[in-house]
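The values are calculated or read from the model by the stated rules, or taken from the named source; none is laboratory data. The model shown is predicted, which means the values in this text are computed figures rather than measured ones. Neighbour counts run over all protein chains shown; Cβ positions are idealised from the backbone, glycine included.
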Amino acid sequence: AQSVTQPDIHITVSEGASLELRCNYSYGATPYLFWYVQSPGQGLQLLLKYFSGDTLVQGIKGFEAEFKRSQSSFNLRKPSVHWSDAAEYFCAVGERNTDKLIFGTGTRLQVFP
Amino acid sequence: DTAVSQTPKYLVTQMGNDKSIKCEQNLGHDTMYWYKQDSKKFLKIMFSYNNKELIINETVPNRFSPKSPDKAHLNLHINSLELGDSAVYFCASSAFRADYYNEQFFGPGTRLTVL
């Protein structure tokens, strides 16, 4: 069955530091992969997505993610974190034929000044 | 010019009551979804409708009944509310193209609290 694992429940970084959020997926075919961000009390905003092609994808707010098929991973990175990046981050895989999104359990990012 | 809107934003009610949450999209999309986010932030799909036809029903209790009067609206009606129904409910919509993954656009969520 398809699944998404985000091993880190909570990450704390200092402002200006680099960030990497981990995501591993289990899916039988080439996956459609997404990262969403949810700020406190807000809805879900799409940061970036991977469908095919270049395995390094650029998103909004300076985020990027790299698809590594051999590791079944799609880790999210940012070179320098801003205080406004504090939020909950969700990795998701999109299921073919139904378009259903299967989400990971999320990683809460805290940013210290 | 909100793309996907939900009403109400907050809903507080007593156990046993019946309530509805409304969702509207003005993107011209064919497919709409309901997701539930529980207290641990876990997001899971509940239903999807394509052109008013039920496509996905993820073993949700039959106290939950989605209703799609037209393809721009997907409402969620919940009967006999239970404490465990307390959650944030997100509506989403997407276009539909066969053999293609259709990106979903999410509404702002409705926080339901059952007392």
- request: Could you check how many residues of segment A:85-99 are within 7 Å of another protein chain (Cβ to nearest Cβ) and in contact with a Leu (Cβ under 6 Å, 6 or more places away or on another chain)?
  value: 1
- request: Please name all residue pairs, on different chains or six or more residues apart, with Cβ atoms under 7 Å, provided the first residue is in segment B:37-51 and is more than 8 Å from every other protein chain (Cβ to nearest Cβ) and the second residue is surrounded by fewer than 21 Cβ atoms within 10 Å (Cβ to Cβ) and of a type in the set (Lys, Arg).
  value: B:MET46/B:LYS36; B:ASN51/B:LYS71
- prompt: Could you list, in sequence order, the residues of segment A:93-108 that are buried (at least 20 other Cβ atoms within 10 Å of the Cβ) and within 12 Å of the chain's Cα centre (by Cα)?
  reply: A:VAL93, A:PHE103, A:GLY104, A:GLY106, A:THR107
- request: Go through A:LEU46, A:LEU21 for me and flag whichever is more than 10 Å from A:ALA92 (Cα to Cα), within 12 Å of chain B (Cβ to nearest Cβ) and surrounded by 15 or more Cβ atoms within 10 Å (Cβ to Cβ).
  value: A:LEU46
task: Would you check if A:PHE103 is within 14 Å of chain B (Cβ to nearest Cβ) and within 19 Å of B:GLU103 (Cα to Cα)?
output: yes
- line: A:VAL111 fails exactly one of (1) farther than 20 Å from A:ILE11 by Cβ; (2) of a type outside the set (Ser, Thr, Tyr); (3) crowded, with 16+ Cβ neighbours inside 10 Å; (4) over 13 Å from the mean Cα position of the chain (by Cα), namely (1)
- request: Report whether or not A:TYR32 is of a type in the set (Phe, Trp, Tyr), within 20 Å of B:TYR89 (Cβ to Cβ) and at the interface with chain B (Cβ under 10 Å from one of its Cβ atoms).
  value: no
field: Which numbered condition B:THR31 fails, given (1) under 28 Å from A:PRO40 (Cβ atoms); (2) buried (at least 20 other Cβ atoms within 10 Å of the Cβ)
entry: (1)
- request: Report, by residue number, each residue of segment A:49-61 that is more than 12 Å from every other protein chain (Cβ to nearest Cβ) and modelled with pLDDT of 90 or more.
  value: A:ASP54, A:THR55, A:LEU56, A:VAL57, A:GLN58, A:GLY59, A:ILE60, A:LYS61
